Amino acid sequence: MVKGFSHYWTKKQIREQQAVIQGKIAPTMVVKNATYLNSFRKCWTEGNIWIHHDRIVYVGQEMPSQQTQTEIVDAESQYVVPGYIEHHAHPFQLYHPLTLAKYASERGTTTLINDNMPFFLHLDKKKALTLLNDLQQTPATMLWWARFDGQTELKNGNDVFADSTMKAWLDHPYVVQGGELTDWPRVLQGDDHMLHWMLETKDVRKPIEGHLPGAGEKTLAQMMLMGVDGDHESMSGEDVLKRLDAGMTTSLRYSSIRPDLPKILRELHEEEFGNYDRLLMTTDGSPPHFMKKGFMEHLIQLAMDEGVPLIDAIHMCTVNVATHYHMDDVIGMIAPGRLANLNFLRSKEDPFPTDVLAKGTWVRRENRPCFPETSFDWENYGFTPLELNWELTRNDFQFSMPLGLEMVNEVILKPYQINRDLTCEELSEDIDESFMMLIDRNGKWQVSTLLKGFAKGIYGFASSYSSTGDIILIGKSKQGLLDAFKQLKKQKGGIVLLDREEVVASVQLPIAGLFSSLTIDNGLIDEEERLREALEDRGYRFGDPIYSLLFFSSTHLPFVRITQKGIFDVKKKRVLFPSIMR
């Protein structure tokens, strides 16, 4: 039988925890005089919380008879609630899992349930699963998904999602869900291999997260038959009600490209909706700049501002999540047996904690962040600095494709007919078209076309930040593309924007050309905002260029994509123009 996350403690540890209650040994900490949220009763209760290392062992009126070296915390005049949970984290939006965990936990979000896509794409199975174990050693509770599809057309897709790899991921105790299921049309249209792994996920008692924007009642019903338990793609109150009516747990999103949470709640309240037990909330992997106002504590505040009672708003980020994932015996509430993830609030009107315990360790104390410094060698797991050991030459700038990509918004691309001479050296700044190339990070293949609507005044732009880690080049000038590539190669990956004479903006991504080593609130937000401002000055007219880079290749979005296999028609599921070997 597969061990779930509930098997977090060994028999020896459990006997020691039992001895604390029996008075044989002292707990490591006691939170006394606590007014704490009793999640099962949905009320505030007074009592004392005994903690032994990372676990709550007792909650009630008594104090322990043994208190040798016990840290006593007086919570009088404070309100203690469970650590918040982000159930749908994409911990790779320039930041990496540990920098996101630090930022989130210092604001009260002590558990992250994370996308595993870069681990699937860039690491072998052994290194990836070892990495999951090692990331769990910090105070943050780090849990993971197991993707069923690559969200794009991969040249080695069958190898990435090999049966042995899928089984190993689903069997891992820190992997707690299947999905998100972005290629749901494929299973809907008869792909039994994907259905097999969905059923295997259900057999190990792990829920499946859908990705079902615009789905109607019959689509939702079919996905429920196949095992999908939840979805975060509601864009209206009506969408939420459809999912709830289908028996599907529904998450309300507040992200940089879909900040729908307040609007959805207003629409639900107009329908006199008042039962929040099957609702969750998510930031859905927002880039650093969007998190300046906070993380899950900010979403709780937004929900309260729209009339959701405090307890219900907190439950949408705690016990509701834990119950959905069959983990309410371990996380999501203040009760014996749960991880010691606690937030201390100054009032019932403010969900931002003044103090935070994560696995029994202070990560915020007396309103000051104090997540312990963590040394982590990403190179040991295969995330080495990006070495582009190949050259790009003027001979690679052969633009003959008759079909270009036009941006409708940050993430939607539609095809258009190219009606201009592409042998020219530069495109006029009077038009909003740019040269665009997607090149294999190992230099083996390329796709060359035009991109319409990205910006009017970019000389050269290069990025190793993409959904697959391949290289994106954009610019008005072919020499600009070459110069941007050379700068990217020099700085070993990242994102770089050039004018003719200088580097205008740069985001350094020293971890495999994918992740920054900067913390979110001490450098990374500043780097991203300088890039955003520089792109806006040069004509980028949408809200989030980081998402644009991430989703250029993502085949779960309409209408066409630039992928490893070439220009891909999303609806017809076929390559229109193949990539070219270099």
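For the stretch 194-215, residues that are small (G, A, S) and open to solvent by 30 Å² or more (accessible area, probe 1.4 Å) total 1.
All conditions in (1) at pLDDT 95 or above; (2) open to solvent by 70 Å² or more (accessible area, probe 1.4 Å); (3) part of a loop (DSSP other than H, G, I, E, B) hold for M1, with the sole exception of (1). The set of residues in the stretch 29-56 that are among the aliphatic types (A, V, I, L, M) and either at pLDDT below 95 or closer than 26 Å to A313 by Cα (or both) comprises V31, A34, L37, I49, I51, I56. Residues in the stretch 492-513 that are of a type outside the set (D, E, K, R), open to solvent by 10 Å² or more (accessible area, probe 1.4 Å) and either more than 23 Å from D537 (Cβ to Cβ) or at pLDDT below 95 (or both): P510, I511. Taking every residue in the stretch 177-197 that is under 16 Å from K572 (Cβ atoms) and pairing it with any residue that is open to solvent by 10 Å² or more (accessible area, probe 1.4 Å) and part of a helix (DSSP H, G or I), at least 6 positions away or on another chain, the pairs with Cβ-Cβ distances below 9 Å are L188/T219; L188/Q222. Would the stretch 307-314 turn up any residue that is over 24 Å from N341 (Cβ atoms) and in contact with a Lys or Arg (Cβ under 8 Å, 6 or more places away or on another chain)? Checked against the condition, which is being over 24 Å from N341 (Cβ atoms) and in contact with a Lys or Arg (Cβ under 8 Å, 6 or more places away or on another chain), the stretch 307-314 yields no hits at all. Does I300 fit the bill of being touching a Cys at 6+ places or on another chain (Cβ under 9 Å) and surrounded by fewer than 21 Cβ atoms within 10 Å (Cβ to Cβ)? No, not satisfied. Of all residues in the stretch 425-453, those being surrounded by fewer than 15 Cβ atoms within 10 Å (Cβ to Cβ) and under 18 Å from P578 (Cα atoms) number 2.
When the residues of the stretch 510-567 are filtered to those that are among the acidic types (D, E) and assigned to a helix (DSSP H, G or I), the one that is nearest to Q151 (Cα to Cα) is E528.
Filtered by the rule that a residue be in a strand (DSSP E or B) and of a type in the set (A, V, I, L, M, F, W, C), the stretch 225-248 gives a lone residue, V228. I need the full set of residues from the stretch 116-137 which are over 16 Å from the mean Cα position of the chain (by Cα), open to solvent by less than 10 Å² (accessible area, probe 1.4 Å) and within 24 Å of E373 (Cβ to Cβ), in order please. Those that are over 16 Å from the mean Cα position of the chain (by Cα), open to solvent by less than 10 Å² (accessible area, probe 1.4 Å) and within 24 Å of E373 (Cβ to Cβ): L131, Q136.
Please work out if R420 is at pLDDT 95 or above and of a type in the set (K, R). Here the answer is no, as R420 does not meet what is asked.
Which pairs turn up if I take residues in the stretch 386-403 that are more than 26 Å from H122 (Cα to Cα) and look for partners that are open to solvent by 90 Å² or more (accessible area, probe 1.4 Å) and not in a loop (DSSP other than H, G, I, E, B) with beta carbon separation below 9 Å, at least 6 apart in sequence or on another chain? These pairs meet every condition: Q398/I580; P402/Q417; L403/Q417.
Could you check, for the stretch 154-165, whether at least one of its residues is open to solvent by 30 Å² or more (accessible area, probe 1.4 Å) and touching a residue at least 60 places away in the same chain (Cβ under 8 Å)? Yes, the stretch 154-165 contains a residue that is open to solvent by 30 Å² or more (accessible area, probe 1.4 Å) and touching a residue at least 60 places away in the same chain (Cβ under 8 Å).
Do any residues in the stretch 270-292 that are within 15 Å of E528 (Cα to Cα) have Cβ atoms under 6 Å from those of residues that are open to solvent by less than 10 Å² (accessible area, probe 1.4 Å) and β-branched (V, I, T), where the two are at least six apart or on different chains, and which pairs are they? Cβ pairs passing all conditions: P287/I546; P288/I520. Can you find even one residue in the stretch 545-559 that is touching a Phe, Trp or Tyr at 6+ places or on another chain (Cβ under 7 Å), assigned by the TED database to the domain that holds Y459 and under 14 Å from E153 (Cα atoms)? There is at least one residue in the stretch 545-559 that is touching a Phe, Trp or Tyr at 6+ places or on another chain (Cβ under 7 Å), assigned by the TED database to the domain that holds Y459 and under 14 Å from E153 (Cα atoms).
Put simply, of K489, K456 the only residue that is surrounded by fewer than 22 Cβ atoms within 10 Å (Cβ to Cβ) and outside any helix (DSSP H, G or I) is K456.
Tell me whether the stretch 412-423 contains one or more residues that are assigned to a loop (DSSP other than H, G, I, E, B), in the same structural domain as G566 (by the TED database) and within 28 Å of the chain's Cα centre (by Cα). Yes, some residue in the stretch 412-423 is assigned to a loop (DSSP other than H, G, I, E, B), in the same structural domain as G566 (by the TED database) and within 28 Å of the chain's Cα centre (by Cα). Flag: Q61 matches the condition of being open to solvent by 40 Å² or more (accessible area, probe 1.4 Å) and of a type outside the set (V, I, T).
When the stretch 18-35 is limited to residues that are touching a Pro at 6+ places or on another chain (Cβ under 9 Å) and not hydrophobic (A, V, I, L, M, F, W, C), the one that is surrounded by the most Cβ atoms within 10 Å (Cβ to Cβ) turns out to be P27.
Yes or no, residue by residue, for (1) open to solvent by 50 Å² or more (accessible area, probe 1.4 Å); (2) assigned to a helix (DSSP H, G or I):
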| site | (1), (2) |
| --- | --- |
| F371 | no, no |
| E379 | yes, yes |
| E391 | yes, no |
| N395 | yes, yes |
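Yes/no per residue for (1) of a type in the set (V, I, T); (2) farther than 27 Å from T555 by Cβ:
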{"position": "F383", "(1), (2)": "no, no"}
{"position": "E406", "(1), (2)": "no, no"}
{"position": "V411", "(1), (2)": "yes, no"}
{"position": "E433", "(1), (2)": "no, no"}
{"position": "G469", "(1), (2)": "no, no"}
{"position": "G480", "(1), (2)": "no, yes"}
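Of the helices (runs of 4 or more DSSP H) lying entirely inside the stretch 274-355, those containing at least 3 residues that are under 30 Å from D526 (Cβ atoms) and touching a helix residue (DSSP H, G or I) at 6+ places or on another chain (Cβ under 8 Å) span 296-305.
If the condition is being without any contact (Cβ under 8 Å) to a residue 60 or more places away in the chain, over 22 Å from the mean Cα position of the chain (by Cα) and within 22 Å of L170 (Cα to Cα), then the stretch 198-220 contributes L199, E200, K202, D203.
The values are calculated or read from the model by the stated rules, or taken from the named source; none is laboratory data. In this text, all values refer to a predicted model and were calculated from it rather than measured experimentally. As a convention, Cβ positions derive from the backbone with ideal geometry for all residues, glycine included, and neighbour counts pool all protein chains shown. Ligands, DNA and RNA are stripped out before the accessible areas are found, and what is left, the full protein with its side chains, is counted by its heavy atoms. Shrake-Rupley method; radii C 1.70, N 1.55, O 1.52, S 1.80 Å.
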